[in-house]
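No value in this document is a laboratory result; all are computed from the given coordinates. Note that the coordinates shown come from a computational prediction; the quantities given were computed from them, not determined experimentally. Every residue, glycine as well, gets a Cβ built from its backbone with ideal geometry; the counts of neighbours run over all protein chains shown.
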Amino acid sequence: MIYIIGALIGILAYFKKKEKVVFSLILVYAFTIFAFNSNNPDLLNYQNQYIGNFFGFTEPVYIGLGHLFLTFGFNFWVFRAAIAAIGLSLIGKTIYDYSPYPNINMFLFVLYPLIIDVVQIRFFLAYSIIVYSIRFILDYRDKRKVSDIVKFFIALFLATGTHYSAITYIILVVLMLNVEKRKTLVYVIVPASIILIFTNLPSVAGIASSFLVQRKVNRWILGEKNTTALNILRILVTRLSILFVLSLFVIMRRKRTIISESSTKVSFRRKDISMNKYLSQNRLLFLATLYTELFCFLEIVVASEYERLTRPALVWGGILASRLLYRMEKNHRYICTLIWILLIVFYFLSQMLFQGVRYTNLKYFEYVFREVMDNNLLYK
């Protein structure tokens, strides 16, 4: 039943790209998958840690939120449902505010990465805050208000306090600079520096040990790497293809007639924005996607844990793809929409069928997808 409902909602999302009712249906569907899942690889651990007063965690925001729910006597299932509601609201709000075709974006998010977010609830909450925080960067570049910088750092603090790995998204601060005047810094020096830092892992591990337990240091810095040629090829193809497709969309949009570019406004269904602001936002969304996709190289050279850090790129990249589709001629729009959908399906399949768990020899399709989708209290 859950698969049939999902397929029907997916069809609605494609043909009714802007309908608010359909968007609400997708959010409800996503929430029921998340909040009512009754079995997944990490569920028992999270439940025991909640009952055990969060023993083993050090992230203050996550612990504080948990203690708040414990104080009011709520059980773990209510706590997890609250995390689902908060995270989906932040991501849904971002998609709805910046995408002209929010229904497609939201449904593709449900396909991936929501499925694995159900398992990794702390990181889901952390990166949903980061996804939402992109608005502060966009607003700062438009209005130059210091308050937007403050808001971004508050969001970064909350995300890092939920899952320490979120501190890596501090790289997004670079987007507050004048990109046009600092292209070498933004496109070359900063990305190269990130990769260079992680070529000296012993020093990084020593610093991280001062605030992380050794288990976390082992997983995030000294973890086992799957450096087979097939896995490296899979990672690079899936991650870099997102940037390639976005670049292709930009090129195809530029082939439109001059008349379309002479307009001073871009009319999304909720508000009109100036052409300059529209182009500026698109550039920043592309850079945000690029920077989060850089973590795929760390997945190769450091540890497989870095896969999760690329997930905001699927949200921001999807929003940018929709904005570019919105400005295309109809025949190009249909073709490119199909390309984007196929890309996310390909991304999903690469993660589910080629990513596996060493100690069980199970692929993520059985270990994650089937466990999440087939064990739901509402769908039998």
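Okay, helix-only estimate at 222 nm for the chain: each DSSP H run of n ≥ 4 adds -39500 (n - 2.57), divide by all residues, round to 500 deg cm²/dmol; what do you get? Could the numbers behind the result be given before it?
Details: 18 runs with 245 residues, N = 380.
Mean residue ellipticity at 222 nm (helix-derived): -20500 deg cm²/dmol.
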Whole-angstrom gap from the range 1-73 to the range 275-352, using each part's C-alpha centre: 23
Remind me, relative contact order of the range 2-374 in percent, using alpha carbon pairs under 8 angstrom and six or more residues apart? 21
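So how do 132-138, 233-239 stack up, highest first, on mean other-Cβ count within 10 Å? List each step's numbers first, then the result.
Values: 132-138: 21.6, 233-239: 17.3.
Top to bottom by mean Cβ count within 10 Å: 132-138, 233-239.
Mind checking the alpha-carbon convex hull of the range 2-374 and giving the volume per residue in Å³?
149
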What full-extension length gain, to one decimal in nm, is calculated for SER24 and VAL250 as 0.36 nm per residue of separation minus the Cα-Cα distance? 78.4 nm
Taking R0 as 35 Å, what FRET efficiency do you get between SER267 and ILE2 from their Cβ-Cβ distance, rounded to the nearest 0.05? 0.40
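Where does each of 47-57, 114-124 land if you order them by average Cβ count within 10 Å, highest first?
Highest to lowest by the protection proxy: 114-124, 47-57.
To the nearest 0.05, what FRET efficiency results for LEU377 and ALA192 with a Förster distance of 41 Å applied to their C-beta separation? Kindly include the intermediate steps, with their values, before the conclusion.
Values: r = 48 Å, r/R0 = 1.18.
Result of the calculation: an efficiency of 0.25.
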